[in-house]
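Novice: Just passing along the structure, written as C-alpha cells.
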C-alpha cells in the first residue's frame, strides 16, 4: 500500500511544478513596470529603483525564479499592500472560514445528489427521473452568485428565517475558542449551543448556494454510472441468484457506480473553489475568496497571486486525495499498481 | 459518426450546395422540439445582441433620478435601478457584450485548442507531449481562480476576460480534438491523401479538420454557456467590465446591494437573462450532440 501511495504522490509533482511556474509567470506578465506597480502611483524614481532591487527584478529571469522558489519554500508569499500583513498569515487565518463553507456545501450536495441519482437510475422514466433531469439542467444554468442572491431575498427579506448575510457570526455573538477554526466544530467542542445555532444560521444559506451549484454534475454522473452498472452482467447474475433488490443495488451496483462519481469529485472541487469566491462576495463571508476579491479591486497583487497559488496547491492535494480514495474503493487499482 | 454520415448520404437525394445545407439544418432543428426551441432562443438572443440597441424604449445609460428604484410597471417593464435607468433597455443592450465575450472566447479557444489538439493527435511524439503538458498544467488550477489570476496579471479589460476564458477552456478542446484526430490518423481517406502526395499539414487541414468539425461544433455550443457564466462571474467580482456599461454580471452585482432591502428586480432580470442564455446554449449543445454523436445520448 505504501508504494502505491508514493507512486501517487509522485504523479502530483509535475502538476505542482507547473502550478509554481505559471504563478511565477503571472507576476512577470504584469502590464507595465512591476516595480512601479508595487511602489504605487506616488513613488519617486529612487523608491521604484529601491523596490526593483528589493523585489530582485534587476536580476535575470532564472535568478528571479530561483529566488521565488526559495521564498516559497520559506512560506513567504510577500506582503499585502493594503493591510501590510504577510499574505501567508492572512490566507491561513481566513482558510477555515472558506473550508467550513465549502465542505458543508459539498456534504449537502453529496447527500442529495447521490440518492437522487440512484433513485433516478433504478426508476428510469419515472417522475423522480424527470425531477433529476430538471434539477441537473437548471443547476448547470444557474449562475452561482444569482442563486445566492435569490436565497437571500427569499429567506432573509421575504420570510425572515435567516439572519442578515453579513459574515460568519452575528455581531451579538463572539467566536468560539479556536481549535479547528470551523465555528460549528469549535462551538460543539466548547458545548456552546447558542453559538452553534447562530453560526449554523449564518452558514446554511451560502452552503446551500454552493450545494445547488455542485448538485448538478454529481447527480448527473451518479445517474449515468448507476444506469450503466445496473445493465451489466454481474448485476443480472446477482438478480438471477435471487438476491433482494436492496442487496443488489446497495452492495453490488452502488459500490461500482461510485467510481466515476469519485472521479467527478475532482472536477466538482475545481468548480467549488471558484464558486466559493462568488458566494463569499454575496454573503460577505470573511474567507480567502473575499480576501482575493478585495485585493483585486485595490490592485494589490501579492494577495491575488498568493491566493491563486494556495488554491492551486489545495486543488492538487485534493486531486491526490481523490486518487488515493479511488484505490480504497476499487481493489483493481491497488492490484495494478 | 461514420454510420450517421452514411445514413444521411443514403437518405438524402443528391442535392447540392445551398439546398443540401438548408435541408440538413432543417433536419437538425426540427428533429427534436427542445433543440428547435433552443435554436429559436438562440436566434432571439442573437437578434438582441445585433439590433437590441435600436429598438429599446430608453437609452440604457440615461439616468433619471425622478424614477429611481421603481418596481416593474407599464412604463418600465423591468423597473428602474438606483439611478433611474430603465432595466429592460439595459438587459437587452447588455446581450451584445455578453454574447460577444462568449463568442470571441469560444472562437479563440477553438482556433488554439482545436489546432494544437489535432496536431497532437495526428503527429503524436513531442507535439503530443508538449500540448498534453500544457493542458495538464492548466487543469491543475481551479479554473475560475486561474481566470481571476490571468485577468489580474494581464490587466483589467474585456479583451483579457476573453483571453482568460479561452485559456481555461483550452484543455477541453485539446482533449476532444486530440482523441478525434488520433483515431483518424491512419484512416483510409488519410492514407489515400498521403499516397497522392499531400503534405502532412495539408492533410491536417483538408482531411482531418473537416471530419472533426461537427463534434467540435457541439463542444463550442456546450462551452458557450460556461463561457458566459465565467465572464459574468468575473465581472460580478469587479473584473473587466466597468460601470455604467450594461452587462449582465455587473448589473447583478449592482442589484446585490438592494436585495437585502427588497428591491429584487434590479438583480433578478439580468440574472434571469444570464440563466436563459446559458440554458439555451446547454440545450442546443445537447441537441446537437444527439444528432452528431447518438452514442453519447443521455
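What follows is calculated from the coordinates using simple rules that are stated; it is not laboratory data. Note that the structure is predicted; figures quoted are calculated from it, not measured. In this analysis, Cβ positions are derived from the backbone assuming ideal geometry, glycine residues included, and neighbour counts consider all displayed protein chains.
Novice: With N set to the residue count of segment A:87-336, report its C-alpha Rg divided by 2.2 N^0.38 Å to two decimal places. Please list the in-between numbers first.
Specialist: Working: Rg = 20.4 Å, N = 250, 2.2 N^0.38 = 17.9 Å.
Ratio of Cα Rg to 2.2 N^0.38 Å: 1.14.
Novice: For the pair residue B:136 and residue B:217, what calculated FRET efficiency results from E = 1/(1 + (r/R0)^6), where r is the Cβ-Cβ distance and R0 = 35 Å, to the nearest 0.05? The partial results should precede the final answer.
Specialist: On the way: r = 26 Å, r/R0 = 0.73.
Using R0 = 35 Å, I get an efficiency of 0.85.
Novice: Now, a different point. With each label point set 7 Å from Cα along the Cα-Cβ vector, what nm distance links residue A:89 and residue A:232?
Specialist: Each label point is offset 7 Å from its Cα along the Cβ direction, giving 5.3 nm.
Novice: Two decimals is fine: what is log10 I(q)/I(0) at q = 0.06 Å⁻¹ for the protein assembly as shown, from a Debye sum with one equal scatterer on every Cα and no solvent?
Specialist: -0.37
Novice: Take the Cβ-Cβ distance between residue A:103 and residue A:74 as r, set R0 to 22 Å, and report the resulting FRET efficiency rounded to the nearest 0.05.
Specialist: Numbers: r = 29 Å, r/R0 = 1.32.
After rounding to 0.05, the efficiency reads 0.15.
Novice: What Kirkwood radius, in Å to one decimal, follows from the Cα pairs of chain B? Provide the component values of the computation, followed by the final result.
Specialist: Details: mean 1/r = 0.0470 Å⁻¹.
Hydrodynamic radius (Kirkwood, Cα pairs) of chain B is 21.3 Å.
Novice: Can you tell me which of B:185-195, A:317-327, A:255-265 comes out highest on packing, and rank the rest after it, using the mean Cβ neighbours within 10 Å? Please list the in-between numbers first.
Specialist: On the way: B:185-195: 13.2, A:317-327: 16.6, A:255-265: 18.5.
Result, highest mean Cβ count within 10 Å first: A:255-265, A:317-327, B:185-195.
Novice: Still on this structure, please answer the following. Let's test the formula: R0 of 56 Å, r as the Cβ-Cβ distance of residue A:25 and residue B:55. What FRET efficiency results, to the nearest 0.05?
Specialist: Values: r = 46 Å, r/R0 = 0.82.
About 0.75, to the nearest 0.05.
Novice: Can you tell me how segment A:197-337 classifies by the Cα gyration tensor, rounded, prolate or oblate, using a/c under 1.5 as the rounded cut?
Specialist: Since a/c reaches 1.5 and a/b is larger than b/c, the shape of segment A:197-337 is classed as prolate.
Novice: Related question: When Cβ neighbours within 10 Å are restricted to other protein chains, what is their mean count per residue of peptide B:282-290?
Specialist: Working: counts 5, 2, 0, 0, 1, 0, 0, 0, 0.
Across the residues of B:282-290, the mean count of other-chain Cβ atoms within 10 Å is 1.
Novice: On average, how many beta carbons from a partner chain sit within 10 Å of the beta carbon of a residue in A:15-24? Can you show the working numbers first?
Specialist: On the way: counts 5, 1, 2, 8, 4, 0, 1, 7, 4, 0.
For this peptide, the per-residue mean of nearby foreign Cβ atoms is 3.
Novice: Counting only helical runs of four or more DSSP H residues, what would the 222 nm mean residue ellipticity of the protein assembly as shown come to if each run contributes -39,500 (n - 2.57) and the total is spread over all its residues?
Specialist: On the way: 27 runs with 455 residues, N = 635.
Value at 222 nm, helices only, nearest 500: -24000 deg cm²/dmol.
Novice: Using alpha-carbon pairs under 8 Å, 6+ residues apart, how would you state the relative contact order of chain B in percent?
Specialist: Numbers: 402 pairs, mean separation 64.8, N = 298.
Computed value for chain B: 22 percent relative contact order.
Novice: If you split all Cα-Cα distances of segment B:209-261 into 5 Å bins from zero, what percentages do you get per bin, shortest first?
Specialist: P(r) over segment B:209-261, rounded to whole percents: 5, 19, 19, 14, 12, 9, 8, 7, 3, 2, 1, 0.
Novice: In nanometres, what is the gap between the two model label sites at residue B:159 and residue B:260, each 7 Å from Cα along Cα-to-Cβ?
Specialist: With each label point 7 Å from Cα toward Cβ, the separation is 3.8 nm.
Novice: Please report, in whole Å³, the volume per residue of the convex hull around the C-alpha atoms of segment A:112-196. Write down the numbers at each step before the final one.
Specialist: Values: hull volume 13.5 nm³, N = 85.
Cα convex hull per residue, to the nearest whole number: 159 Å³.
Novice: Would you kindly work out the equivalent ellipsoid of segment A:188-275 from its C-alpha gyration tensor and give its semi-axes, the square roots of five times the eigenvalues, largest first in whole Å?
Specialist: Working: eigenvalues 266, 70, 18 Å².
Result for segment A:188-275: semi-axes of 36, 19, 9 Å.
Novice: Right, here's the next one. How far, in nm, would the chain grow between residue A:58 and residue A:175 when pulled straight, counting 0.36 nm per residue and subtracting the alpha carbon separation? Display every interim value, and only then the final one.
Specialist: Details: separation 117, 0.36 × 117 = 42.12 nm, distance 4.60 nm.
This chain segment gains 37.5 nm when fully extended.
Novice: Testing the spin-label approximation: label points 7 Å from Cα along Cα→Cβ at residue A:65 and residue A:159. State their distance in nm.
Specialist: My value for the distance between the label points is 5.4 nm.
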